[in-house]
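First comes the structure, then the notes that go with it.
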Amino acid sequence: MHKGGAVLKSLEKLESRSYTSYKGRMHASQRLALRDKAWNTSLLSLTVATTIASIGLLADTEMYGATGPTIFVCLAVLSLVISLVVAGLNYGARSRDLFNNYRRLQRLSTEVEHLRDHAEEPSFSEVKILLDRYNDLLDDSENHNAADYARGISSGQLSWVVAKDWAISALPFVTLLIPIFVMVPFVQWLLRAG
């Protein structure tokens, strides 16, 4: 293979890699943004429900049975643990960082594609500059996970790694059942009192 062919082959590899990285990091950004919103909604719902129920407990100490106060202490500890874990995971800031990174990767991928399509024979130095920018972008941000990569390269196929990641993302929605169960006795008490 002559030198020009090797440069073109390197350019094609860079185009493929940059596009794949862009897709993976785009899915990572979306995943983290979803988890940020979902956990914030879950924590807000839990806080509002337990506050309303605690007010109800002031009026009727048996509203939640003899174990009501213990249940609410456990829910307060659960809420504290969740909020500390979610704050430590910093979903919102990580999502923004990945968003900025995947947008820069997208621009780089477009530049690589443009060079491949419009340069008669790209030079090694042109490809090297783009490759260095690509490597800098990889170093500039956290990587996507295996599920983000699978979403980026597949056409909607569900794999074990994607299903596991989806289950983790669904967890805050499952915790929304707690405020519902907390509010049911309160609403029943209100209806009896009214």
Which of the residues belonging to the stretch 135-152 are without any contact (Cβ under 8 Å) to a residue 60 or more places away in the chain and either surrounded by 19 or more Cβ atoms within 10 Å (Cβ to Cβ) or in a helix (DSSP H, G or I) (or both)?
-> 135, 136, 139, 146, 150
Restricting to the stretch 153-169, what's the tally of residues that are of a type outside the set (Ser, Thr, Tyr) and open to solvent by less than 20 Å² (accessible area, probe 1.4 Å)?
-> 2
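If we scan the stretch 14-36, do we find a residue that is more than 24 Å from residue 98 (Cβ to Cβ) and open to solvent by 30 Å² or more (accessible area, probe 1.4 Å)?
No: zero hits.
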Within the stretch 161-194, the count of residues that are small (Gly, Ala, Ser) and not in a helix (DSSP H, G or I) comes to 1
Which residue out of 85, 127, 112 is outside any loop (DSSP other than H, G, I, E, B) and open to solvent by 40 Å² or more (accessible area, probe 1.4 Å)?
-> 85
Residue 57 meets each of (1) aliphatic (A, V, I, L, M); (2) at pLDDT below 90; (3) open to solvent by 80 Å² or more (accessible area, probe 1.4 Å) with one exception, condition (3)
Residue 66 fails exactly one of (1) outside any helix (DSSP H, G or I); (2) in contact with a Pro (Cβ under 6 Å, 6 or more places away or on another chain), namely (2)
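The values are calculated or read from the model by the stated rules, or taken from the named source; none is laboratory data. Just so it is clear, the model here is predicted, and its values are computed rather than measured. Positions of Cβ are generated from backbone atoms using ideal geometry, with glycine treated the same way; all protein chains shown enter the neighbour counts. Accessible surface is based on the protein model in full, side chains and every heavy atom, while ligands, DNA and RNA are left aside. Shrake-Rupley method; radii C 1.70, N 1.55, O 1.52, S 1.80 Å.
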